[in-house]
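**Q** Below is a structure I'd like to ask you about.
Rule-based calculations on the coordinates, nothing more; no lab input. On a predicted model such as this, the values are computed, not experimentally measured, just so you know. Positions of Cβ are backbone-derived with ideal geometry, glycine not excepted, and every protein chain shown enters the neighbour counts.
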Amino acid sequence: MTNFNKLLITYCDPDCTQDEITIPYHLRDTPITKKWIQRVKLAQKLKYPIDDPARFYGFGTIEEQINKALDDINCLIKKLNTWIKLDFQLKSVTDQDTLNQLHHVFEIEHGLLDKKDPDPLFKQNLCDLNLLVHRCESIARGAHPRHVVTYFGLPKTEVLDSTDYQYFESKITFGSVYINYVEIGKTLYDLMLDNDRYIQPEAFQPFCHYSADFVVRFWNDPNTNLSSNLQNYYIEHQNFFQSLGYSWSDLSRSIGSVPIADLDYAGNILKDLETRQFVKAVDFS
């Protein structure tokens, strides 16, 4: 496979009527980066489209983001009543308990990774529910700007090698690109953050599989206390984790995310993306 140095993402407005812009990201020279590139190339070869090219977070005023997220998720709950009975609505993006209940609906009805095959329209609505739950959580936790690119149809067959875990980083760096979490379930970090009392044991899924999916984050966070906070949470709930066969040594390998590229752009990326929140193309050079 040809060696690449750059990830090139072309952005435009949703109608593709405004001047597009191609932003370069410098690829990290790691084995996991090369394996991720192979998955992207495979998704493109098999003609899997990007699921939601406009999946951007943290842009616009907080009020605008809150109102749209609540409208969207409550409208979707009404649609889901075609298949299942959901007798509640979300009144605030900070209502984590209701968000946990909704995420539990997604876990149960959708099934874990590649384990169930519900009606296609129902499945799509369940996936939308999952995304909207995470959008609400994102707003409640600071509305940090980022965008996510996923190829949902590409089978999630690839797992990290033991040597890949050395590339996890707990810190978040402005403009860096990270492999996206593709499991159906929650990580140790999610459990700590969500205080989820609905999740079933089998829905605890540490970061193991990877795909072509990725996220570009536009903020900085050193996360200096992340490891110690997670270890404290593990100790408090160690009977649960040990019953599933996980030691702290196992779980501490996948704290944070795997970076694969870094922004290589002298312009004002946030300003340039204000009117270009649509991923038109993903390429490499």
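**Q** State the Kirkwood hydrodynamic radius of region 60-144 in Å, one decimal place, computed from all pairs of distinct Cα atoms.
**A** Its Kirkwood hydrodynamic radius stands at 13.2 Å.
**Q** Which value at 222 nm does the chain reach when only helices count, each DSSP H run of 4 or more adding -39,500 (n - 2.57), with the total divided by all residues and rounded to the nearest 500 deg cm²/dmol?
**A** Counting only the DSSP helices, I get -11000 deg cm²/dmol.
**Q** At a 10 Å Cβ-Cβ cut-off, how would you order 255, 21, fewest neighbours first?
**A** 21, 255
**Q** What's the Kirkwood radius of region 1-80 in Å, using all Cα pairs?
**A** Kirkwood hydrodynamic radius for region 1-80: 16.1 Å.
**Q** Computed over the Cα atoms of the chain, what is the ratio Rg over Rh, Rh following Kirkwood?
**A** On the Cα set of the chain, Rg over Rh gives 0.94.
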